[in-house]
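Visitor: I have a structure here, written as structure tokens, and I will follow up with some questions on it.
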Amino acid sequence: MVAHAALQQTAYTLSYDPAYVRIAYPNGDLPRDRGVCSDVIVRAFRAAGVDLQKEIHEDMLRSFATYPHRWGLAAPDANIDHRRVPNLMTFFARHGNSLSVTARREDYAPGDVVAWDLGGGLLHVGLVTDVPAPDGEGYAIVHNIGAGARLEDVLLNWKIIGHYRYFR
């Protein structure tokens, strides 16, 4: 279900918009035609019944010190925290959903979340689908790296720094 929800986003999330926006809580979202890479994950999980905005916010309220403090915040912010890749990575790791990072496509299953280091301090995240990669090895990824949600064979394009499976 989560992989299908990510795929659906390629039809309507047509732009990349990293702006800070005040949104409803829980279940808050930007207009669905825009977002960033993390919004692909948040929307796909929400379609599967998991509100990462709420889950991450509540986890940060309990354990704020365990989350990255790159943004100079003194407390959690339900408007943005779930939209930040390091926070997604921390949440998945804290809840026992980390898997080994490998360069073997077969280790990445539909529904898995993958995080990459693009270099220069930029992190990125995407979701493994059940659409076979063009070469028939592994699966394509839905991600938003600047032009809206796209289905592409990018698993091994950048340095993988996180591999997570929430749905078993």
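The values are calculated or read from the model by the stated rules, or taken from the named source; none is laboratory data. Remember, predicted model here, so these are calculated numbers, not experimental data. Cβ: placed from backbone, ideal geometry, glycine included. Neighbour counts: every protein chain shown.
Visitor: Can you tell me which residue within region 46-73, out of those that are of a type in the set (D, E, K, R) and part of a helix (DSSP H, G or I), is surrounded by the fewest Cβ atoms within 10 Å (Cβ to Cβ)? Break it down stepwise before answering.
Guide: In the first step, residues of region 46-73 are kept if they are of a type in the set (D, E, K, R); the result is 46, 51, 54-55, 58-59, 62, 70.
Checking which are part of a helix (DSSP H, G or I) leaves us with 46, 54-55, 58-59, 62.
Values: R46: 18, K54: 16, E55: 16, E58: 14, D59: 20, R62: 10.
The extreme case among them is R62.
Visitor: Those residues that are in contact with a Lys or Arg (Cβ under 8 Å, 6 or more places away or on another chain) and either at pLDDT below 95 or among the polar types (S, T, N, Q) (or both), I need them from region 82-107; list them, please.
Guide: The answer is N97, and nothing else.
Visitor: Take region 36-59 and flag every residue that is free of Cβ contacts under 8 Å to residues at least 24 places away in the same chain and among the small types (G, A, S).
Guide: Correct list: G49 only.
Visitor: When residues of region 80-104 are filtered for being small (G, A, S) and either over 28 Å from A133 (Cα atoms) or out of contact with any strand residue (DSSP E or B) (no Cβ under 9 Å at 6 or more places or on another chain) (or both), how many remain? First the steps, then the outcome.
Guide: Residues of region 80-104 that are small (G, A, S), as a first pass: 93, 96, 98, 100, 103.
Filter again for either over 28 Å from A133 (Cα atoms) or out of contact with any strand residue (DSSP E or B) (no Cβ under 9 Å at 6 or more places or on another chain) (or both), leaving 96.
Total satisfying the criteria: 1.
Visitor: I would also like to ask the following. Using the structure shown, decide if G138 is at positive phi, buried (at least 17 other Cβ atoms within 10 Å of the Cβ) and either hydrophobic (A, V, I, L, M, F, W, C) or over 16 Å from the mean Cα position of the chain (by Cα) (or both).
Guide: Working: at positive phi: yes; buried (at least 17 other Cβ atoms within 10 Å of the Cβ): yes; either hydrophobic (A, V, I, L, M, F, W, C) or over 16 Å from the mean Cα position of the chain (by Cα) (or both): yes.
Considered against the rule, which asks whether it is at positive phi, buried (at least 17 other Cβ atoms within 10 Å of the Cβ) and either hydrophobic (A, V, I, L, M, F, W, C) or over 16 Å from the mean Cα position of the chain (by Cα) (or both), G138 comes out as yes.
Visitor: Given the conditions (1) modelled with pLDDT under 95; (2) crowded, with 22+ Cβ neighbours inside 10 Å; (3) of a type in the set (G, A, S), report the number of the one that A115 does not fulfil.
Guide: Condition not satisfied by A115: (1).
Visitor: Let me ask you something else. Taking region 148-168, which residues are modelled with pLDDT under 95 and out of contact with any helix residue (DSSP H, G or I) (no Cβ under 9 Å at 6 or more places or on another chain)?
Guide: Correct list: R168 only.
Visitor: The conditions are (1) touching a residue at least 40 places away in the same chain (Cβ under 8 Å); (2) outside any strand (DSSP E or B); (3) aliphatic (A, V, I, L, M); (4) surrounded by 14 or more Cβ atoms within 10 Å (Cβ to Cβ), and V154 fails exactly one of them. Which is it?
Guide: With respect to (1) touching a residue at least 40 places away in the same chain (Cβ under 8 Å); (2) outside any strand (DSSP E or B); (3) aliphatic (A, V, I, L, M); (4) surrounded by 14 or more Cβ atoms within 10 Å (Cβ to Cβ), V154 is out only on (1).
Visitor: Identify the single condition in (1) part of a loop (DSSP other than H, G, I, E, B); (2) surrounded by fewer than 16 Cβ atoms within 10 Å (Cβ to Cβ); (3) more than 15 Å from the chain's Cα centre (by Cα); (4) touching a residue at least 24 places away in the same chain (Cβ under 8 Å) that E106 does not satisfy, given that it satisfies every other one.
Guide: Evaluating E106 over (1) part of a loop (DSSP other than H, G, I, E, B); (2) surrounded by fewer than 16 Cβ atoms within 10 Å (Cβ to Cβ); (3) more than 15 Å from the chain's Cα centre (by Cα); (4) touching a residue at least 24 places away in the same chain (Cβ under 8 Å) leaves (1) as the failure.
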